[in-house]
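The values are calculated or read from the model by the stated rules, or taken from the named source; none is laboratory data. Keep in mind that this is a model prediction, so the values were computed, not measured. Positions of Cβ are generated from backbone atoms using ideal geometry, with glycine treated the same way; all protein chains shown enter the neighbour counts.
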Amino acid sequence: MTKLSYERPVIKKVETGMPNKFGLRTEYLPMTEIENNKVKDLVKEYGSPLFVISERLIRKNINEAKRAFTDRYPKVQFAWSYKTNYLDSVCKVFHQEGSWAEVVSGFEYDKALKNGVPGKYIIFNGPHKTDEELLKAINNDSLIHIDHLDELYSLMSIAKGCNKKAKVAIRINLDCGIYPMWDRFGFNYENGQAWDALNKIMLNDYLELMGLHCHIGTFILSPMAYSVATSKLIDLSLNLQSKYGHTISYIDLGGGFTSKNTLKGSFLQGVDTNPTINDYADAITSTLINSNIKPENLPTLILESGRALIDDTSFLIGSVIANKRLTSGKRATIIDVGVNILFTSFWYDHKITPAQPFSHFTEDTVLYGPLCMNIDVIRESINLPLLNKGDNLVISNIGAYNMTQWMQFINLRPNIVMIDLQNNVHIVRKRETSETFERSEQTPEHLNKFEL
């Protein structure tokens, strides 16, 4: 008979009546499976830590988002934000569901082309595009969103040099009540920069103005901010129609919609308080259809949402390395997931769930990663059951930015798997090995010999 592990006695407070500022205490269940695959089996087969992506949830999210907007507005086009997660398998799921590609670098542009996206369905954003990249985008009939005057003048010269019209839009920054305002990107609406740039484009023979673009920020908690932004883009489009008789083809509202994550310092859980995709759809589409744009001239609404469509589709499985007591007496648990692969732990209080049955005795715990650096903190304080060495846990809502902003530091980056619609598991990015880096390194010959 196996000896039971010791649990110290504890008096549990019975909570009744109205909730306090932390809400009513609720018991939760372990997360032992992901898409009908046991967490323990995934770790045994693919190692720990392990990123797990659900194809089913990706398709569910993009279709719910499309339905939210197309039910309210006749012309809608989604474009997948490559920088949010540019794993080929992820991008291709979105492309299969009809999303274009939105890229912000030459690397991402080439990646979209290799993924089979026609050039005319690639939106090229970002403040840095080389002349070679601009020429490629012109020749592929891609939509080029101009960020600043230097880029505008370069594009004029390049387009004239190849005797081909470039299809362009400008990125616009504006005051929509979100502070600090993202005014480092694009042309300002309020001080006339945007209108000046639009006039320069309209008077150039080698640029074809297709649309207007803005991206007001990230994790925007106020849907009405998008209504304000939309109204200002509409104002510019009406001015273009009045002065030049020119009708733009699209308005691109970028991204910035929230996911279900909880921002650090938030009083309540994000899943309960963050706006839904329907909230954003209401604010944006109502502004468009209630505007003075004639029905036959209504522009296509382009959305580059990333985080809201991918965050809750992905999980990060980790394992407990050790437990210790800090000098304050607080419990500390060390896991094999560090901030090098969970960059968003600096922004969010991620939901973290044990992957095996546990006692309902819990304790406030600091959750540390494995890196030899003091900032490697996954959660500063979280109420968890007592976890033992070798136990597993699942970190939820990690699909956005962690697989693009991660870095190789101290430890190598792990496997990424995707679970398909039939619950089969596929490796979509192999774990790194020492050879991953040795292939790229070159050592001068005189450094190869030494004595110690």
Task: Failed condition for Thr327, given (1) touching a residue at least 12 places away in the same chain (Cβ under 8 Å); (2) in the same structural domain as Ile410 (by TED's automatic domain parsing); (3) among the polar types (S, T, N, Q) - done: (1)
TODO: Considering each residue of region 180-196, count those that are modelled with pLDDT under 95 and either outside any loop (DSSP other than H, G, I, E, B) or of a type in the set (Phe, Trp, Tyr) (or both), and give that number.
DONE: 1
TODO: Would you be able to say whether some residue in region 256-263 is in contact with an Asp or Glu (Cβ under 7 Å, 6 or more places away or on another chain), at pLDDT below 95 and charged (D, E, K, R)?
DONE: yes
Open item on the list: I'd like to check which strands (runs of 3 or more DSSP E) are fully inside region 243-352 and have at least 3 residues that are out of contact with any Cys (no Cβ under 8 Å at 6 or more places or on another chain) and surrounded by 14 or more Cβ atoms within 10 Å (Cβ to Cβ).
Closed with: 300-303, 314-325, 331-335
Open item on the list: Please list, ordered by residue number, the helices (runs of 4 or more DSSP H) wholly in region 24-129 having 1 or more residues that are over 30 Å from Ala283 (Cβ atoms) and of a type in the set (S, T, N, Q).
Closed with: 88-96
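Table: residues versus (1) modelled with pLDDT under 95; (2) under 23 Å from Phe219 (Cβ atoms); (3) under 21 Å from the mean Cα position of the chain (by Cα).
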position: Ser266; (1), (2), (3): yes, yes, yes
position: Asp282; (1), (2), (3): no, yes, no
position: Thr285; (1), (2), (3): no, yes, no
position: Asn290; (1), (2), (3): no, no, no
position: Leu298; (1), (2), (3): no, no, no
position: Thr313; (1), (2), (3): no, yes, yes
position: Ile321; (1), (2), (3): no, no, no
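With respect to Arg413, is the statement that it is assigned by TED's automatic domain parsing to the domain that holds Ser319, under 25 Å from Leu29 (Cβ atoms) and touching an Asp or Glu at 6+ places or on another chain (Cβ under 7 Å) true?
Details: assigned by TED's automatic domain parsing to the domain that holds Ser319: yes; under 25 Å from Leu29 (Cβ atoms): no; touching an Asp or Glu at 6+ places or on another chain (Cβ under 7 Å): yes.
Answer is no for this residue.
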TODO: For residues that are more than 22 Å from Ala65 (Cα to Cα), among the aromatic types (Phe, Trp, Tyr) and surrounded by 17 or more Cβ atoms within 10 Å (Cβ to Cβ), tally how many sit in region 91-116.
DONE: 1
- [ ] Looking at (1) farther than 24 Å from Asn85 by Cα; (2) of a type in the set (Gly, Ala, Ser); (3) surrounded by fewer than 19 Cβ atoms within 10 Å (Cβ to Cβ), find the lone condition where Ala166 falls short.
- [x] (3)
- [ ] Would you mind stating whether Ile395 is in contact with a His (Cβ under 8 Å, 6 or more places away or on another chain) and buried (at least 18 other Cβ atoms within 10 Å of the Cβ)?
- [x] yes
Open item on the list: Filter region 161-179 down to the residues that are part of a loop (DSSP other than H, G, I, E, B) and not β-branched (Val, Ile, Thr) and list them by number.
Closed with: Cys162, Asn163, Lys164, Lys165, Leu174, Asp175, Cys176, Gly177, Tyr179
- [ ] Select the strands (runs of 3 or more DSSP E) contained entirely in region 355-442, then report the ones holding at least 1 residues which are closer than 20 Å to Ala332 by Cβ, free of Cβ contacts under 8 Å to residues at least 60 places away in the same chain and more than 21 Å from the chain's Cα centre (by Cα).
- [x] 362-368, 377-385
TODO: Run down Glu33, Glu7, Glu55, Glu27 and say which single residue is over 30 Å from Phe107 (Cα atoms) and either modelled with pLDDT of 95 or more or surrounded by 12 or more Cβ atoms within 10 Å (Cβ to Cβ) (or both).
DONE: Glu33
